[in-house]
Amino acid sequence: MSDDYEPQSTVAKWIDKRLPIITLFSGHLMQFPTPKNLNYWWTFGGILTFCLITQIITGLVLAMHYIADANLAFASVEHIMRDVNYGWLLRYIHANGASMFFIAVYLHMARSLFYGSYKEPRELIWIIGVFIFLLMIATAFMGYVLPWGQMSFWGATVITNLFSAIPFFGEAITNWLWGDYSVSGALLTRFFTLHYLMPFLIFGLVILHIWALHVPGNNNPEGIDVVKGQDTVPFHPHYVVKDVLALVVFMIVFAGFVFFSPNILGHSDNYIQANPLQTPEHIVPEWYFLPFYAILRAIPDKLGGVIAMVSAIAILAFIPWLDSSKVRSCKYRPLYRQFYWLLIADFILLGYLGSQSATGIYLILGRLATLYYFLHFILVMPLIGFIEKPKPLPKSISEPVLSKEEQLAKSGQTA
Amino acid sequence: MDTKKDIDTAETKVTRRDFLYLTTGSFTVVGAGALVWPFIAQMNPDASVKALASTEVDLSPIMPGQSITILWRGKPVFVRRRTEEEIAEAQAVEQTDLPDPETDETRVQKPEWLVMVGVCTHLGCIPLGNKGEYNGWFCPCHGSHYDTSGRIRKGPAPKNLEIPSYVFLDDNTIKIG
């Protein structure tokens, strides 16, 4: 397999000479040299691309039937559910698709954190990824507002009121956001417009993300640089098949939600039409926002809480410089690996606490978990690089596999 | 000659791999089709539209020579109570004079009542009543003339005005659709 792909047919040659799109796609989607030791944690990139495309296509179709008007939005969603051909299916795919998207993105990020994929020379891939994550949050939040149920309305109220914490200009900014003196139809139409726009911005960033990835190439479970040719295989068919297999498993879980429990990840209050005169008893965001919601509530100060929540996401962008270790993969970082799992447990705990009312033990735990979340990044990450004695790195990505085989062969002989 | 040996030569042998390719391919095609179907079908008229697909009309206020236009499936339907002269005129026409030959009898259930979709068969405009060279309808868009039975007589339209399916529930009520 050479990198210099030559189109074979006359038509392909004609096109490629004028617009080398065939060479581009074949270079980046077919022959792209990929480390031969990637495990299944590397399949989430493809899965996320599938999620984005699914959300865009189902979203376009739903927009054909949805009406962004405070008086008609709720009824138009019910119209989609009851009248539109397969409307129930399309909406359930879209709603659960958002959850599946976040499951995949959290696993994708956890993969990068474990194997040090954010480190030199891949800092920019990671930072673009943080921006994609930020846009995903905004898009998912605005999408949740569109059905104009009770959770939509009061979620929008709570989140837009975060801006009122800004000193001096808070009220002016929230009124500007609302286009009114409260959450109303003006906000709904602008949220619909932005919800429609943002997936395409995400798509643009995804292209930059992949472009930036294809300069140094993939990281790998050993976290060491690969030798092109010796350590790599072409992306197609090796990783296309691996990605498709993972995607099929992912789709089975996805379909399980859509067909068997489409509302389990949602909140029943959102099937009550928005009522500006009554707040539901428990305001809970969608599950994928819960850890950040717990951080918001952990700080006993309005402005402080907002700053903490925003910082919890913003700090991710600085990870490439906060981590002082030269070793990428946690496989060879015995000390940091333990703190890595502590962070994952902490994040899951925050998610659980976000779903509980912020009182008593939950509030205390919430504060401790928030404290650790930030300490991990600003203290643990920079310090461990100096303290830790990493395990010796293999000379090539083949070494761990080969030595394992040798050991197996030896134990086979002795047995 | 051993026929079994012939089948087993490399070129003709059906392998497990062939079977796997075929089944994988078939499942992919069926799956893709099943997935695409809802995205196509969602554009078809939905249940709320289908629920409005029939309309009942009270004929009692209509005097001979009068006609009303009612909305059915978003389209105008002309209901005309024809005079004796109009009926006679419509029945007297020679079939050879018609671009789209149809007798008046096949276009009505009761000669007095002409029920038809008021959409010009050329490009969808609504023809005007009591107009045109044949004392029937005239389409202002591109000049199609229809007679007292709603049949095309002159102009670019290819077909007679469409007759919707309808039934007389009693002497004074029809149900269209």
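The values are calculated or read from the model by the stated rules, or taken from the named source; none is laboratory data. Predicted, not measured: the structure shown is a model, and the values here were computed from it. Reconstructed Cβ throughout: ideal geometry from the backbone, glycine too, with neighbour counts over all protein chains shown. Areas reflect the complete protein model, heavy atoms only, side chains present, ligands, DNA and RNA absent. Shrake-Rupley method; radii C 1.70, N 1.55, O 1.52, S 1.80 Å.
Annotations
- As a summary of the residue check, A:I103 satisfies the conditions (1) part of a helix (DSSP H, G or I); (2) within 14 Å of chain B (Cβ to nearest Cβ); (3) open to solvent by 20 Å² or more (accessible area, probe 1.4 Å) except for the one numbered (2).
- Against the conditions (1) open to solvent by 30 Å² or more (accessible area, probe 1.4 Å); (2) within 12 Å of another protein chain (Cβ to nearest Cβ); (3) touching a Phe, Trp or Tyr at 6+ places or on another chain (Cβ under 7 Å); (4) not β-branched (V, I, T), A:Y92 satisfies every one except (3).
- Residue ranges of helices (runs of 4 or more DSSP H) in the stretch A:262-340 with at least 3 members among the basic types (K, R) and buried (at least 19 other Cβ atoms within 10 Å of the Cβ): none
- Among the candidates A:G116, A:G143, A:G97, the residue that is at positive phi and open to solvent by less than 30 Å² (accessible area, probe 1.4 Å) is uniquely A:G116.
- Residue in the stretch A:341-355 that is surrounded by 10 or more Cβ atoms within 10 Å (Cβ to Cβ), in contact with a His (Cβ under 7 Å, 6 or more places away or on another chain), over 30 Å from A:E281 (Cβ atoms) and modelled with pLDDT of 95 or more present: yes
- Condition check for B:T23: of a type outside the set (A, V, I, L, M), away from chain A (no Cβ under 14 Å) and either under 24 Å from B:Y146 (Cβ atoms) or touching a residue at least 40 places away in the same chain (Cβ under 8 Å) (or both): no
- Residues that are farther than 17 Å from A:L375 by Cβ and not hydrophobic (A, V, I, L, M, F, W, C) within the stretch A:338-358 comprise A:G351, A:Y352, A:G354, A:S355, A:Q356, A:S357, listed in sequence order.
- Contact map, the stretch A:351-369: first residue free of Cβ contacts under 8 Å to residues at least 12 places away in the same chain, second residue not in a helix (DSSP H, G or I), Cβ cut-off under 9 Å, separation 6 or more or different chains; pairs are A:Y362/A:Q356.
- Considering the stretch B:26-40, the residues that are of a type in the set (A, V, I, L, M, F, W, C) and within 14 Å of chain A (Cβ to nearest Cβ) include one that is surrounded by the most Cβ atoms within 10 Å (Cβ to Cβ), namely B:F39.
- Scanning the stretch A:33-49 for residues that are more than 15 Å from A:Y106 (Cα to Cα) and touching an Asp or Glu at 6+ places or on another chain (Cβ under 9 Å) yields A:P33, A:P35, A:K36, A:N37.
- Residue match in the stretch A:109-130 (condition: assigned to a helix (DSSP H, G or I) and within 14 Å of another protein chain (Cβ to nearest Cβ)): no
- Single match in B:L71, B:L123, B:L128 (criterion: closer than 18 Å to B:K175 by Cβ, touching a residue at least 12 places away in the same chain (Cβ under 8 Å) and surrounded by fewer than 16 Cβ atoms within 10 Å (Cβ to Cβ)): B:L71
- Subset of the stretch A:40-79 (residues that are away from every other protein chain (no Cβ under 14 Å) and more than 16 Å from A:F102 (Cβ to Cβ)): A:Y40, A:W41, A:W42, A:T43, A:G46, A:A68, A:D69, A:A70, A:N71, A:A73, A:F74
- Test: residue in the stretch A:39-56 that is modelled with pLDDT under 95 and either part of a helix (DSSP H, G or I) or exposed (fewer than 14 other Cβ atoms within 10 Å of the Cβ) (or both): no
- Residues within the stretch B:135-152 that are in contact with a Ser or Thr (Cβ under 7 Å, 6 or more places away or on another chain) and at negative phi, tallied: 2
- Matching residues, the stretch A:140-179, being in contact with a Leu (Cβ under 8 Å, 6 or more places away or on another chain), of a type in the set (V, I, T) and farther than 13 Å from A:P285 by Cβ: A:T160, A:I166
- Qualifying residue in the stretch B:41-58 (condition: within 14 Å of another protein chain (Cβ to nearest Cβ), of a type outside the set (F, W, Y), open to solvent by 60 Å² or more (accessible area, probe 1.4 Å) and assigned to a helix (DSSP H, G or I)): yes
- Residue within the stretch B:86-108 that is part of a strand (DSSP E or B) and either in contact (Cβ under 8 Å) with a residue 24 or more places away in the chain or away from chain A (no Cβ under 14 Å) (or both) present: no
- So A:V84, is it under 26 Å from the mean Cα position of the chain (by Cα), farther than 21 Å from A:F289 by Cβ, at the interface with chain B (Cβ under 9 Å from one of its Cβ atoms) and open to solvent by less than 20 Å² (accessible area, probe 1.4 Å): no
- Lone unmet requirement of (1) open to solvent by less than 100 Å² (accessible area, probe 1.4 Å); (2) over 30 Å from A:M64 (Cα atoms); (3) away from every other protein chain (no Cβ under 14 Å); (4) at pLDDT below 95 for B:K13: (1)
- Scanning the stretch A:215-239 for residues that are open to solvent by less than 60 Å² (accessible area, probe 1.4 Å) and more than 18 Å from A:H108 (Cβ to Cβ) turns up A:E222, A:I224, A:V226, A:G229, A:D231, A:T232, A:V233, A:P234.
- Positions within the stretch B:135-177 being open to solvent by 70 Å² or more (accessible area, probe 1.4 Å) and either of a type in the set (D, E) or within 20 Å of B:Q95 (Cβ to Cβ) (or both), in sequence order: B:N135, B:K154, B:P158, B:K159, B:E162, B:D170, B:D171
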